[in-house]
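A.B. asks: A single structure is presented below for examination.
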Amino acid sequence: MPTREHPRTFRVKSLGCQMNVYDGERMAELLADQGIAPAVDGQDADLVVLNTCHIREKAAEKVYSDIGRLVKAGGDNPPMIAVAGCVAQAEGEEIMARAPAVGMVVGPQAYHRLPAMIAKALRGERATDTDMPADAKFAALPPRRRVAPSAFLTVQEGCDKFCTYCVVPYTRGAEISRPFGELVAEAQRLVEAGAREVTLLGQNVNAWRGEDAKGCATGLDGLIRELAKLPDLQRIRYTTSHPADVTDGLIAAHGEIDKLMPYLHLPVQSGSDRVLKAMNRSHTVDGYLRLLERFRAARPDIALSGDFIVGFPGESEAEFGETLRLVEAVGYAHAFSFMYSPRPGTPAAAMNGQVAREVMEERLQRLQAALGRHQLAFNQASVGSRCAVLVERKGKKPGQWLGKSPWLQSVFFEGDAAIGDLVEVELAAAGPNSLAGELLVPAAA
Ligand code: SAH
Ligand code: SF4
Ligand code: F3S
C-alpha cells in the first residue's frame with residue numbers, strides 16, 4: 001500500500017444488531033477525538049469504517065459489495081477502508097486476501113486501537129487486529145459527549161450459549177459483563193449528554209452479573225434499579241434477553257420500577273420442542289410460555305417481542321405449524337423473523353435435512369403474515385388510550401414529531417414539542433408500523 005495523507009473526514013457504516021450500532025457510535029467518537037471530522041451527508045469521506053455483521057450470509061457478503069462500490073466511487077483517490085465488526089472478527093484474513101483496497105481489519109473487541117492502526121496505514125502498512133482482550137476497550141475510549149434522547153449502553157458482550165445455527169459465540173467471544181460502577185458512570189454521562197432513555201445492550205443482556213456499590217452480587221435487575229435512581233433518566237429498556245437467563249428479580253423489576261418500560265424482547269426461534277433441542281436452545285416451548293405468563297403477571301400491559309428462524313435443518317411442515325400456533329398463542333406486539341442461513345463452522349450447517357429455499361420463503365411469508373396481523377392488532381388496541389411519548393426526531397411534515405410510546409411503537413403527532421421531551425399523547429389511529437397521536441399537554445419540566 002502506498003503511504004497516504006492523514007484522513008480529514010470519516011464515515012462509519014454499521015450493519016447488524018444494536019450492539020454494532022453502539023460500537024459504531026463509539027468508533028465515531030474515537031475518530032472525532034483524533035481530529036477527524038464526520039463527513040457531511042452526501043460527500044465522500046477520506047476514511048470509511050464498514051462495521052459489519054456476520055449473522056446471515058446476505059449480511060456477511062455485503063462487505064464485499066460495499067468495498068467494491070467505495071473503490072469504484074473513489075477513482076484515483078479511493079478512501080482509506082477499515083473493516084470492523086463481526087465479519088472482520090470471523091474472516092479477517094480472508095478479507096485482507098480478497099480485498100486489497102482494505103487497509104485495516106479490526107474486531108469488535110479491538111477497535112479502541114484504531115488510531116494506532118491508522119498511523120500504520122499512513123505509513124503504507126496494512127493492519128489486522130482481532131484480539132479479544134476482556135473489557136480493555138471501554139477504558140480506552142473517549143467519554144460520550146452528545147447523544148440522542150434514546151441512547152444505547154452495552155453492558156454485556158459475548159455469548160456462551162452456542163445455539164447450533166449461530167456465529168455470535170465465535171465472533172463476539174465468551175460472555176463478559178462490564179463492571180457495575182463503570183456502567184452507572186457511563187449512564188450518568190449519557191444523561192448529561194442528552195439521553196432521556198437508555199437501552200442496555202448485550203448479546204445476552206440478562207446474563208449480566210456484577211457487584212453493586214456495596215460489593216453484593218447482583219443481576220441485571222440490580223443494575224436497572226440503580227440506574228432508575230438517576231433523576232433525569234426517564235426510561236430504561238434492555239435487549240436482547242435469553243430465556244435461560246431470566247431471573248425472578250428481573251420479572252419482579254417489571255412490576256416495581258416505573259422507569260423500566262413495559263416491553264420484553266425474548267427470542268424463541270421455533271415453536272417445536274424437537275427443533276429447539278436441535279438448535280441447542282436450552283428451553284422448551286412450554287417453559288418459554290410459562291416465563292411470558294410470569295412477566296405478564298408482573299406487568300399486565302407488557303408488550304412482547306421475539307425472534308424466529310424458519311427452515312432450520314430438518315424442520316417439517318408440522319413443526320413449522322407449531323411455530324405458527326405459538327405465534328397465535330402469544331400475540332406478539334412486534335417480532336423479527338428470518339430464513340435459516342447456514343453459517344461456516346456452525347454445527348447446523350453440517351446437519352442433514354437442509355430445507356429448500358422455496359420452502360423457507362413460503363414459510364417465512366406465512367409467518368410474517370401472522371406476525372404482521374398481530375402487530376397491527378396490538379397497535380389498533382392502543383387507539384383511544386393516552387400514553388407518554390419520548391420525542392426522538394422531527395417528522396417529514398412541517399410541525400410533525402416522531403417519538404416512541406412505552407411499548408416501543410412509533411408515534412407521529414403535531415404541535416409544540418422538542419426533541420428529548422416526554423409528552424402526553426392520545427393515540428388516534430393505527431397502522432402496522434406506527435400510530436398517529438394528538439398532543440395533550442407539554443411535559444412537566
Ligand atoms: N442473542 C440473541 C440474538 C442473536 S442474533 C438471542 O439469542 O436471542 C439475532 C437473531 O438472528 C437470532 O435471535 C436469530 O433469530 C437470528 N439468527 C441467528 N443466526 C441465524 C442464522 N444462522 N440464520 C438465520 N437467522 C439467524
Ligand atoms: Fe446466538 Fe444463541 Fe447466543 Fe443468541 S443465544 S447469540 S442465538 S448462540
Ligand atoms: Fe451481527 Fe455481530 Fe450483531 S454477527 S447481529 S453484528 S453480534
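Every number here is computed from the coordinates shown, using simple stated rules; none is lab data. Only a predicted model underlies this, so the values are computations on that prediction, with no experimental measurement involved. Positions of Cβ are backbone-derived with ideal geometry, glycine not excepted, and every protein chain shown enters the neighbour counts.
A.B. asks: Rounded, prolate or oblate for region 386-444? Axes are the square roots of the Cα gyration tensor eigenvalues, ordered a ≥ b ≥ c, and the cut-off for rounded is a/c under 1.5. Intermediate results must be reported in sequence, preceding the final value.
C.D. replies: On the way: a/c = 1.43, a/b = 1.16, b/c = 1.23.
Since a/c stays below 1.5, the shape of region 386-444 is classed as rounded.
A.B. asks: Could you pull out the pairs from 13/62; 259/404; 13/58; 259/394; 13/397 whose alpha carbons sit more than 18 Å apart here?
C.D. replies: On the way: 13/62 12 Å; 259/404 14 Å; 13/58 16 Å; 259/394 24 Å; 13/397 27 Å.
The answer is 259/394; 13/397.
A.B. asks: Check the cysteines of the chain one by one and keep only those with no other cysteine Cβ under 4.7 Å from their own.
C.D. replies: Unpaired cysteines in the chain: 17, 53, 86, 159, 216, 387.
A.B. asks: While we're here: If you stretched the chain out fully between residue 324 and residue 160, how much longer would it get, using 0.36 nm times the residue separation minus the C-alpha to C-alpha distance? Let's see the in-between values first.
C.D. replies: Details: separation 164, 0.36 × 164 = 59.04 nm, distance 2.85 nm.
Gain on stretching residue 324 to residue 160: 56.2 nm.
A.B. asks: In Å³ and rounded to a whole number, note down the convex hull volume per residue for the Cα atoms of region 245-400. Mind showing how you got there, number by number?
C.D. replies: Numbers: hull volume 25.2 nm³, N = 156.
Hull volume normalised by residue count: 161 Å³.
A.B. asks: May I ask you to derive the relative contact order of the chain, considering only C-alpha pairs under 8 Å and at least 6 residues apart, and to give it as an integer percent?
C.D. replies: Details: 905 pairs, mean separation 43.1, N = 445.
Worked out over the chain, it gives 10 percent.
A.B. asks: Within straight cross-link reach of residue 161, meaning Cα distance under 18 Å, which lysines are found once same-chain residues fewer than 8 apart are removed?
C.D. replies: Partners within reach: 277.
A.B. asks: Next question, about the same structure. Taking Cα pairs under 8 Å and at least six residues apart, what relative contact order does region 143-261 come out at, in percent?
C.D. replies: Working: 218 pairs, mean separation 31.9, N = 119.
Answer for region 143-261 is 27 percent.
A.B. asks: Say a paramagnetic label sat at a point 7 Å from the Cα of residue 377, along Cα to Cβ; which residues of region 286-315 have their backbone N under 19 Å from it?
C.D. replies: 289-290, 292-293, 296-297, 300-308
A.B. asks: Report the FRET efficiency, 1/(1 + (r/R0)^6), for residue 280 and residue 136, where r is their Cβ-Cβ distance and R0 is 22 Å, rounded to 0.05. Kindly include the intermediate steps, with their values, before the conclusion.
C.D. replies: Numbers: r = 30 Å, r/R0 = 1.36.
Approximately 0.15, to the nearest 0.05.
A.B. asks: Sticking with this structure for a sec: Assuming a ≥ b ≥ c are the square roots of the Cα gyration tensor eigenvalues, decide whether region 1-156 counts as rounded (a/c under 1.5), prolate (otherwise, with a/b larger than b/c) or oblate.
C.D. replies: Numbers: a/c = 1.37, a/b = 1.20, b/c = 1.14.
In terms of gyration-tensor shape, rounded.
A.B. asks: Just the Cα atoms of the chain, one point each, no solvent: what log10 I(q)/I(0) does Debye give at q = 0.07, 0.13 Å⁻¹?
C.D. replies: Debye curve over Cα of the chain, log10 I(q)/I(0) at q = 0.07, 0.13 Å⁻¹: -0.37, -1.33.
A.B. asks: Also, quick follow-up: Compute the orientation-averaged projected area for region 143-261 from the convex hull of its Cα atoms and round it to one decimal in nm².
C.D. replies: On the way: hull surface 30.3 nm².
Computing the convex hull of the Cα atoms and averaging its projections yields 7.6 nm².
A.B. asks: Which whole-angstrom value gives the distance between the alpha carbon centres of region 1-30 and region 343-419?
C.D. replies: Here the answer is 27 Å between Cα centres.
A.B. asks: Given the options 239, 130, 247, state which has the largest fluctuation in a GNM of the chain using a 10 Å cut-off (strictly under) for Cα springs.
C.D. replies: 247
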